[in-house]
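We did not get these values from a lab; they are worked out from the coordinates using the rules stated. Just so we're clear, the structure is a prediction, and the values are computed from it rather than from any experiment. Don't worry about glycine lacking a Cβ; one is built from the backbone with ideal geometry, like all the others, and counts go over all protein chains shown.
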Amino acid sequence: MRPHLFILEGRRAVPVHDVITWALWYERANRRVNFTRIGNIEISTVFLGLNCSYDPDDPRPLLFETMIFGGSLDGCQYRSSTWARAEKYHREVVALVKKSLPLERSKKMTRRLNRVGEKLKMKKLVSELF
């Protein structure tokens with residue numbers, strides 16, 4: 001059976017078989033790999049401490065997660081097996097979010113223009129009524 005619980009020793013994930021040992025470590029550990037804020041969008045990469053791999057044919061545990069909070073990519077996540085790969089994914093996701101910003105801006109502008117348009121329509125209706 002593959003190990004399910006892991007702790008970090010430095011930047012290396014080490015399996016543990018005792019849930020108490022794992023829980024005590026997890027409670028006090030700094031599990032953050034990286035964190036980036038771009039406007040109102042946050043990208044967080046953390047060590048999960050649990051093997052989130054559900055593929056019985058892939059022996060690599062998925063122990064790190066990079067996740068996007070906010071924006072059009074909200075909720076997208078990428079999992080990896082090593083600290084180095086987690087750092088790489090974090091950099092790639094930050095670049096992806098930066099590329100999506102023009103789209104974010106255009107969506108906001110469209111919403112603003114729609115609200116302005118609705119206000120103008122309302123003014124026209126009111127002026128026609130009176």
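In table form, for the structure just shown:
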quantity	calculated
Table column - 3J(HN,Hα) (Hz), the range 29-34, Karplus curve with 6.51, -1.76, 1.60, x for Gly and Pro	6, 8, 9, 6, 8, 6
Cα pair count fraction exceeding 14 Å, expressed as % - the range 1-57	60 percent
Backbone N within the range 23-63 under 18 Å of label point (7 Å from Arg85 Cα along the Cβ vector)	33-34, 45-63
FRET E, pair Asp74, Arg11, Förster distance 35 Å, beta-carbon r, rounded to 0.05	0.80
Label-point separation in nm, Asn34 to Arg2, each point 7 Å along Cα→Cβ	2.5 nm
Amide proton proximity set for Asn34, modelled H, under 5 Å, gap of 5+	Thr45
Under the Karplus curve 6.51 cos²θ - 1.76 cosθ + 1.60, θ = phi - 60°, whole-Hz ³J(HN,Hα) for the range 56-69, x wherever Gly or Pro sits	x, 8, 10, x, 6, x, 9, 10, 10, 9, 10, 9, 9, 10
Vicinal HN-Hα couplings computed from phi for the range 45-54 (Karplus, 6.51 cos²θ - 1.76 cosθ + 1.60; Hz; Gly/Pro x)	10, 9, 8, 7, x, 10, 7, 9, 7, 10
Net charge over other residues, Cβ less than 15 angstrom from the Cβ of Cys52 (K, R count +1; D, E count -1)	+2
Chymotrypsin sites (Phe, Trp or Tyr not before Pro) restricted to the range 1-79 and DSSP loop, no more than 16 other C-beta within 10 Å	Tyr54
